[in-house]
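Let me begin by presenting the structure, written as structure tokens, before commenting on it.
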Amino acid sequence: MLAIAWHTLRRQPGVLLGAFLMIAIGSGLINAFTVIQRSATQAEAPVERYSAVPVVAGGAAGLFTPDAIKRVQPLPAVHKVVPELTFIAIVLDEHGQPVLSPTKIAQFGHASTSAKLTPFALREGHWPTSHDEVVLDQELAKAAGVSLGKQVRVLVAGASHTYRLAGIAEPGASTGPLAYQRTLFFTDKRAVELAGRGAGRVDALGIFVNAGSDPAAVAAEVRSLLGQTIQGDAPGPAGLPTLHVAAGTDRGELEGSLPNDRATGQTMSMLTAIVAFMAITVISGALITSIRRRARQLALLRAIGATPHQIRSLCHAEALILALVGGVAGSVLGLGLAELLVIALRSREIFNPAFRVSYSVQPMVLALLITILAGQVAAWLAARAALKIRPAEALTDSAAVAERTGKSTFKIVTGVLALAGAGTIQVLGMAGLMPPALRGVYGVLASGLVMIGIGLIGSWVVYGLTYVSRAPVAALSSVSGYLAAANVRFRHRRYAGVVAPLAVGVAIAGWALSSLPLYTLSTTEEAVERVSADYILRTPLIRDAYIGLSEEVRQAVSDVPGVTAAVGLWDAWAQATPLRAGSDKGIQDTAATYATVTTGVADHLLDLQIQRGKLSNEGVAVGAAYARQRGISLGDQVEVRITGASDPVVLPVTAIFGRDKGGQEGLVLPSSALSGHVAMPAYNRILVRAGSSPQLHSVAGQSGLVRVESMDEFRQQYVAERVVGTSTIGILAVVLVGGFLLLAAVSALVLSAVDRAGEFHSFRQISAAPRQITMMVVWEMVLTVVPAWLLGVAATAWMTFLMAGGDVTAAVKALPAGTLAVFGLVGLITAVAGCLVASRTAMRSLNRFEMV
């Protein structure tokens, strides 16, 4: 049967090439995204600063108390434990500007005693001995243009101070300069002051082991011990651990000099699932189209005695051949596509400069298996349709695959409901109202429903629009246009395999682009509506962390004339559990919520929509949705766990507020209540209430790293930052995939014209001119591509309208009309140009045609 299938396919090279192209692209997309996702989840940051120590423990800032050091030091395999502080320290020039862009390369300050963890040794000068001395690494000193004894201005947590350069350090000759970070060393006492962790807390522990000890075994033992020192820790999103003890190549991740590509890998997992859905749509469409174009041929086989089982076997054999050949070619294509995609993502700083693609056999095998499975399912569906043609109809040249009206209505209704469901899921997800278990995958669910909906109604949209446009088309082109409209209407289901991928490509790309401004607007309004300050001081987010603002800066702001209140805010993952008897019965197993921790009187600077009670420095405020999920009531005593806490803290619930984003931002509590339980990091922002226009810029300085913004300025800047932050991997990847689907669908549509020599010959027999036949094919492309594009645009508009909450103005602004127009225009031009070449090639070979 495989031999018969191969000979059958060879007789129709256009269909063969079109199906092969679509399958190869679909398989290539699966392989490429799977390769990148695996590479990201297995990515390892290079070990630079910790190259001199075999085991390192790290995690949240200020995670380790003095008790932690005492627990680790007595272990038999441990030789010495060296505590380390790490904080962002940026060297400024004489104009107050950073000498090196903090977004390009990390700059960290440390205590000088932790230099023994690093490859650094003094090249000249001495280690700092007073609070106004600093040591820079050689590359940083060169960039700053300073030498021993010169003054160096350094910004830490929003406050800048001048130091004398006491020494210059350089790594050993075998190590060379650190590629991804620059280093500053202060005295131990000054480092403690600058880091501001409090209570003797440190950020990391460098653990030297005795000779002959296994670092990995020591790391496992240390991890168990240190886990006992953070009994008040709250689980982060997706169960990411707060504590990380590393040996070998894993140590690089704890240096914090590069973005965490493993976190990006989690995003890639969702995108890979979406791409797999899209690729299956392409592959299935290609094979269904291939078999449907030969429905009459299969019916003729039935007329000469072929059994239904043999017809099915033939279809499955053809699908297997196409899937194997196209899948193998696609797997090879995917390797190159993965490299190109990583280059693009690295240029956008989505992946760090050290990220490399790692190849393995598993993604290629996975792509091939998905291709084969999708092909077999598509072959079974197409064979069922072909077997509905009666052999007698095939012999009288009247074969057509009819579909019952009831079944067609069911498909259309189901398709519309699927699109409605996709929009509903997206709206609930963006509003934070999805169940916790679905919050990370709602995008995949919505994408799947979009593809299902378009697949079910795609061919009928072509049918309906062709029916509506037949009169205008016939008026423009009486012969060619009329024939094209009749042909597309009669064979609209034959085009379904091409229409669906084309419309899905437009819809998914348009959806991704329209969701960006709407998501940005939504998050901006949520951030702004919780604040009622006159001004906000904040710093940029760099490598997944804020530069931050210190308590020194907050106090300086408070002392500015005209300022009546200044409140520092920082955020962390937290969880609250009621302690009253029987309260655990109604608790939902929710993930941790985001907690806002305040320093200062926040009553009049936060607008939380307090429903009951009031904010207090002696208790915790709980969001209404989060309270329902956790079974918490006003006045309850709750046990609060927060990231990195040594012990849980018990607090009364003093307020219930409404603005908690469906429970995702469900706690507000004072920093005084956490004192001694958790490190106090730098503030993410400082809210300011001022009766007049204060001179806050004198506190911010000239570095540009501390911003003073009014609420309107904050809203504008926040939107701009979120556009940059969200216009990253998802947008780039999905638009790229949409482009590939467009290319695949149009190419398959064009190549199918090559096999129509017999059909063109029939038109020539009734005196149709070659030009009329050519124009008929052109009109067929228009009547297929344009409805498919309109379907994709309609799906995008529907999703955009729902995501905008029914706000037509916001939806129109968010709709990427220009990009969608380019997609449609390019697709149409490609289809028309390609079909002109294909149809002329087919007409030149009329003497070799096969009647179909």
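Taken together, the values in this text are just the output of simple stated rules run on the coordinates, not laboratory data. A quick note: this is a predicted structure, and the numbers were derived from the prediction, not measured. Using ideal geometry, Cβ is built from the backbone for each residue, glycine included, and neighbour counts are taken over all protein chains shown.
Below, the figures for the structure above:
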read-out	value
Cα Rg over Rh - region 143-230, Kirkwood	1.06
Length added when fully stretched, Asp188-Lys104, from 0.36 nm per residue minus Cα-Cα	27.5 nm
Charge sum, other residues only, whose C-beta stays under 15 Å from Lys142's C-beta, Lys/Arg counted +1 and Asp/Glu -1	-2
Amide H partners (placed H, <5 Å) of Glu665, local residues excluded	Tyr594
Selected from His79, Ser51, Ala115, residue furthest toward positive end of dipole (region 24-119; charges at beta carbon)	His79
Debye intensity ratio in log₁₀ form over the Cα atoms of region 23-168, taken at each q of 0.10, 0.11, 0.15, 0.20 Å⁻¹	-0.51, -0.59, -0.90, -1.28
Relative packing of peptides 210-219, 84-93 - highest average C-beta neighbours within 10 Å first	84-93, 210-219
Virtual spin-label span in nm between Trp380 and Thr41, 7 Å along Cα→Cβ	2.7 nm
Dipole moment magnitude, nearest 20 debye, region 559-716 about Cα centre, only Lys, Arg, Asp, Glu C-beta charged	280 debye
Alpha carbon Rg of region 31-96, scaled by the compact-globule rule 2.2 N^0.38 Å	1.70
Cα gyration tensor of region 534-666 - equivalent ellipsoid semi-axes, whole Å, descending	29, 17, 13
Geometric extent, Cα atoms of region 599-671 - Rg, Dmax (angstrom)	11.5, 32
Debye, to nearest 20: dipole size of region 150-222, +1 on Lys, Arg Cβ, -1 on Asp, Glu Cβ	560 debye
Calculated diffusion of region 91-155, Stokes-Einstein form, Kirkwood radius summed over Cα pairs, 25 °C and 0.890 mPa s, µm²/s	191 µm²/s
For region 19-35, 3J(HN,Hα) per residue [Karplus equation, 6.51 cos²θ - 1.76 cosθ + 1.60, θ = phi - 60°, Hz, x = Gly/Pro]	5, 4, 5, 5, 5, 4, 5, x, 5, x, 5, 4, 4, 4, 6, 5, 4
Where only alpha carbons of region 202-259 are counted, the Rg and the Dmax (Å)	12.7, 39
Rg to Rh quotient for region 109-191, alpha carbon positions, Kirkwood Rh	0.93
